[in-house]
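First up is the structure itself, then whatever we jot down about it.
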Number of protein chains: 6
Amino acid sequence: MIYITRRENFNAAHKLYNPKWSEEQNNKVFGKCANPNWHGHNYILYVTVKGKVNLETGYSVNLKELSAIIRERITDKLDHKNLNLDVPFLKELMPSTENVAIAIWKELKPFVNALECQLHCIKLHETENNYVEYFGEE
Amino acid sequence: MIYITRRENFNAAHKLYNPKWSEEQNNKVFGKCANPNWHGHNYILYVTVKGKVNLETGYSVNLKELSAIIRERITDKLDHKNLNLDVPFLKELMPSTENVAIAIWKELKPFVNALECQLHCIKLHETENNYVEYFGEE
Amino acid sequence: MIYITRRENFNAAHKLYNPKWSEEQNNKVFGKCANPNWHGHNYILYVTVKGKVNLETGYSVNLKELSAIIRERITDKLDHKNLNLDVPFLKELMPSTENVAIAIWKELKPFVNALECQLHCIKLHETENNYVEYFGEE
Amino acid sequence: MIYITRRENFNAAHKLYNPKWSEEQNNKVFGKCANPNWHGHNYILYVTVKGKVNLETGYSVNLKELSAIIRERITDKLDHKNLNLDVPFLKELMPSTENVAIAIWKELKPFVNALECQLHCIKLHETENNYVEYFGEE
Amino acid sequence: MIYITRRENFNAAHKLYNPKWSEEQNNKVFGKCANPNWHGHNYILYVTVKGKVNLETGYSVNLKELSAIIRERITDKLDHKNLNLDVPFLKELMPSTENVAIAIWKELKPFVNALECQLHCIKLHETENNYVEYFGEE
Amino acid sequence: MIYITRRENFNAAHKLYNPKWSEEQNNKVFGKCANPNWHGHNYILYVTVKGKVNLETGYSVNLKELSAIIRERITDKLDHKNLNLDVPFLKELMPSTENVAIAIWKELKPFVNALECQLHCIKLHETENNYVEYFGEE
């Protein structure tokens, strides 16, 4: 059993703003992340899958296929987009790093399973100082 | 004569879109950078100044002072902002990496001169694959 | 349940020297790390906490608050200090990377608990080639 | 109980090619990695061991000793070599990142055990976008 | 006048071996780089061009076009190749980092000129510890 | 004519303190860098030399030789040392990044000249946010 990780990235705009709250409350909790005109990040996404090594190929998963799936299902839909407005699978979500990582997990899981390996971790860097990891735990 | 560089950063939204052009023309030239709902980046800014070493301090410039000036004059005005909408010194400019770097040079130059050293280079990374350098050349 | 990590850093001096041993024994075990006049490092600290995502904010923890706690309780006390001489919570300890990481865990744990999440890991880089991770295991 | 990691590296050539398959099949599965004249990588190897902290030294393991073992047993045998042709402990193996990591684990384990700590993880980066982790799981 | 840089990369095998010399002489000068079965690297290529900023676009050069040219003319021909055997524009050359950088300059120059900017620098990293820069100086 | 750069590093302690000044004045200018018990850094040193490419070797300089000279003359004398107390060629100098870089230039120049190339630049990183470059300019 081995773990293999593919790095991909996307550059996107977002803001953190709870419309049920006053502007004062939003600024207190979200600070400059609540700027109404948006801000953005170079997100770095690490997708880790686990599986057994195939004796014929030496591969646990073919990274070309894994990369193609991540791009088709995730990063092509997030890159150069607005995470609050443009992405069907993020609709109705506060686009915090936590929520984006969990949404990516849910979106990607069926396609990874089809590769005969298991999705193990979604790691998402918002900046070089902040990242989250989601392992599918409830 | 020695060159000293301070790294700072800001996270911002922008889009590249020329309102005098058709949407087709914008998409042809700017591609996904023209997304109307914006996208964004973690920009990394390197400010290089040149000067003589002070015998009493061993400093060519006091980096605490240089950093404070860069933050007050530049990155506090750009961080978590929309480069098309929110920044007085970028008004009327296409916020390409080139134009943002040149605008930072113009904005910063008088304050660096007041430190008894010379502004040498503004280097601005938009992504890990793209950066510009401006040396004040016409 | 999601894991979120904040990176902070501090620059400090230290030496590894056991006063109960001969100089020869110290040099054999600690090599150049035993230099009596000290040496130093740019330490990089990663603090990982785990928690549930708050539905109102999308946050598992507010990183501004976590960062403020790490700075107040840890890095402000370590930055530009001598780890053998200047830090109350390291007193009587050999300041190896292992011991510093464990001491940071103990110091930080009550303050992280107060944020309604759990401290998961202290990861401390001494150089780009060496780092330790502590998960609170006895 | 603490985890400590040492980074080492090696630069090597390899190709991925299954001699039992047609050239067409090799190209379909391995793509440009099947180039008959080889290609190569700057591999980065992270070896993580776990152990208890020694009260006299503050060390869980002496990293000088761990580094010497990794170099003698692993990286001196892989650096500036051809992974398909030159390395006794990789003979008969498809030198995928997965297989190289597992072979390093097997080769290194007895020597790490002799240091009174346990081998925890072999992490091997083939590029900045791809890496595997092996924890000794069957 | 502004300088803009695009990063691309390629993974390749090579060896440094002068067929006019004895094996002893080759080993003395090139050391392990002379391994007859090759070794390899993850090369990182930075291409810097200089030009004026276009008022309509804010671009000095369209990086999509520059990137496409670098890939078509250079990295597609080097990636997953053997630099001694597989690359027409490196034929008859010792594939040292210096010679590869100069050959890339010569190969790329006419295509960059066609973009109405000037090739300024080819910077080529062989490892994280070694790189060369070529500015077209005789 | 080509430029080639070798990266080396050293970990050292220092403080910035002018004994001719009051403690108040030292704290005002140097801030926490004046801590009497020292602090330290992981310094990264980039040495750039320029020269012509040798037709027999493809080298402008043999990096094994350049690296050996940098280690023997510079980093072996700085690594795990106190820059204020332990280093003959830094005696009587305020060990600011500027002064250390200039002293390295002076120390290294005759040995680089003996390699039939020219010393072009000493670049010294004190942290990931601060570095200086010295080109031998008066």
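Among the strands (runs of 3 or more DSSP E) confined to the stretch E:38-138, there are none with at least 2 residues that are within 14 Å of chain D (Cβ to nearest Cβ), surrounded by fewer than 17 Cβ atoms within 10 Å (Cβ to Cβ) and of a type in the set (D, E, K, R). For the stretch E:127-138, give me each residue that is more than 10 Å from the chain's Cα centre (by Cα) and either of a type in the set (D, E, K, R) or under 12 Å from F:Y46 (Cβ atoms) (or both). Of everything in the stretch E:127-138, those that are more than 10 Å from the chain's Cα centre (by Cα) and either of a type in the set (D, E, K, R) or under 12 Å from F:Y46 (Cβ atoms) (or both) turn out to be E:E128, E:N129, E:N130, E:Y131, E:E137, E:E138. The residues of the stretch A:1-15 that are in a strand (DSSP E or B) and within 7 Å of chain D (Cβ to nearest Cβ), listed by number, are A:I2, A:Y3, A:I4, A:T5, A:R6, A:R7. The residue that is nearest to A:N84 (Cα to Cα), counting only those in the stretch B:27-37 that are of a type outside the set (S, T, N, Q), surrounded by fewer than 22 Cβ atoms within 10 Å (Cβ to Cβ) and within 13 Å of chain A (Cβ to nearest Cβ), is B:P36. Inclusion of E:K15 among residues that are touching a strand residue (DSSP E or B) at 6+ places or on another chain (Cβ under 8 Å) and surrounded by fewer than 19 Cβ atoms within 10 Å (Cβ to Cβ) is not warranted. Reported count of residues in the stretch D:1-38, each being among the small types (G, A, S) and in contact (Cβ under 8 Å) with a residue 12 or more places away in the chain, is 3.
Pairs meeting the criteria (first residue in the stretch E:73-94 and without any contact (Cβ under 8 Å) to a residue 40 or more places away in the chain and more than 18 Å from E:P36 (Cα to Cα), second residue among the aromatic types (F, W, Y) and buried (at least 22 other Cβ atoms within 10 Å of the Cβ), beta carbons under 8 Å, at least 6 apart or on different chains) are lacking.
In a residue-by-residue description of the stretch A:75-94, the property of being under 14 Å from the mean Cα position of the chain (by Cα) and among the β-branched types (V, I, T) applies to at least one position. Quick one: would you say B:E24 is more than 7 Å from every other protein chain (Cβ to nearest Cβ), surrounded by fewer than 21 Cβ atoms within 10 Å (Cβ to Cβ) and in a helix (DSSP H, G or I)? For B:E24, the condition - more than 7 Å from every other protein chain (Cβ to nearest Cβ), surrounded by fewer than 21 Cβ atoms within 10 Å (Cβ to Cβ) and in a helix (DSSP H, G or I) - is met. Filtering the stretch E:47-72 to residues that are within 21 Å of the chain's Cα centre (by Cα) and without any contact (Cβ under 8 Å) to a residue 24 or more places away in the chain leaves E:K64, E:A68, E:E72.
Of the residues making up the stretch F:80-135, those that are at positive phi and of a type in the set (D, E, K, R) are F:E92, F:E116.
Any read-out appearing in this document is the output of simple, stated calculations on the displayed coordinates, not a laboratory observation. None of these values were measured; they are calculated from a predicted model. A quick note on method: Cβ atoms are made from the backbone with ideal geometry, for glycine too, and the neighbour counts reach across all protein chains shown.
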